[in-house]
Amino acid sequence: MAAARGRGPADVVEAHWQSLRLSWQWRHAVHRIRRPGRPYPGIVPLLEAAAAQPRLRRLYPFTSHFALLFSSSTSYPWTVQAGSIEPLHNGRFMVRRRSPFAVIGEVETAEEAVALVLELLPTDPEPVITAST
């Protein structure tokens with residue numbers, strides 16, 4: 001990440017997408033070993049579906065309590081765009097709007113959840129920036 005920060009915000013975003021996907025894939029694999037047969041929220045397929053969308057891919061992804069959010073800032077304080085997607089234990093996904101805060105819907109697949117978030121995204125989202133530290 002330090003090397004990516006030296007190259008600029010776009011590289012930070014790309015590096016973080018890769019890092020986030022790998023870390024959640026690892027956590028899921030550990031969960032399957034430690035708790036075989038117990039469900040695991042669909043964060044891995046959600047990250048894959050979101051990463052496939054160019055409009056989301058240019059934003060900085062982060063997770064909080066399994067929910068996936070997207071920021072136009074690469075460091076805290078986050079500038080959250082659109083809303084959040086939360087994988088539920090029943091295999092479904094809940095999409096929430098950020099402002100005003102509200103549940104938009106609950107859908108069956110990660111792809112459907114990503115489509116809902118894309119609808120909430122401004123037509124011309126802010127460019128990714130690095131917040132001053």
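Beta bridges per DSSP, both residues in the chain: antiparallel share near 95 percent. Divided by 2.2 N^0.38 Å, where N counts the residues, the Cα radius of gyration of region 15-84 comes to 1.17.
Can you give the relative contact order of region 36-102 as a percent, counting alpha carbon pairs under 8 Å and 6+ residues apart? Don't skip to the end; give the middle numbers.
Values: 93 pairs, mean separation 17.4, N = 67.
Relative contact order, region 36-102: 26 percent.
Accessible area ranking (1.4 Å probe, heavy atoms, ligands and nucleic acids excluded), largest first, for 60, 76, 40: 76, 40, 60. Is the shape of the chain rounded, prolate or oblate, going by the alpha carbon gyration tensor and its root eigenvalues a ≥ b ≥ c, with a/c under 1.5 for rounded and a/b larger than b/c for prolate? The shape class here is oblate.
Given only helices, namely DSSP H runs of n ≥ 4 each adding -39500 (n - 2.57), what is the per-residue ellipticity at 222 nm of the chain, to the nearest 500 deg cm²/dmol?
Numbers: 5 runs with 56 residues, N = 133.
Mean residue ellipticity, 222 nm, calculated: -13000 deg cm²/dmol.
Return a whole-number percent for the relative contact order of the chain, with Cα pairs under 8 Å and 6 or more residues apart as the contact set. Write out the running numbers ahead of the final one.
Details: 218 pairs, mean separation 28.9, N = 133.
Here the relative contact order equals 22 percent.
The values are calculated or read from the model by the stated rules, or taken from the named source; none is laboratory data. Bear in mind the structure is a predicted one, so any value in this text is a computation, not a measurement. Just so you know, the surface numbers come from the protein's heavy atoms only, side chains and all, with ligands and any DNA or RNA stripped out. Shrake-Rupley method; radii C 1.70, N 1.55, O 1.52, S 1.80 Å.
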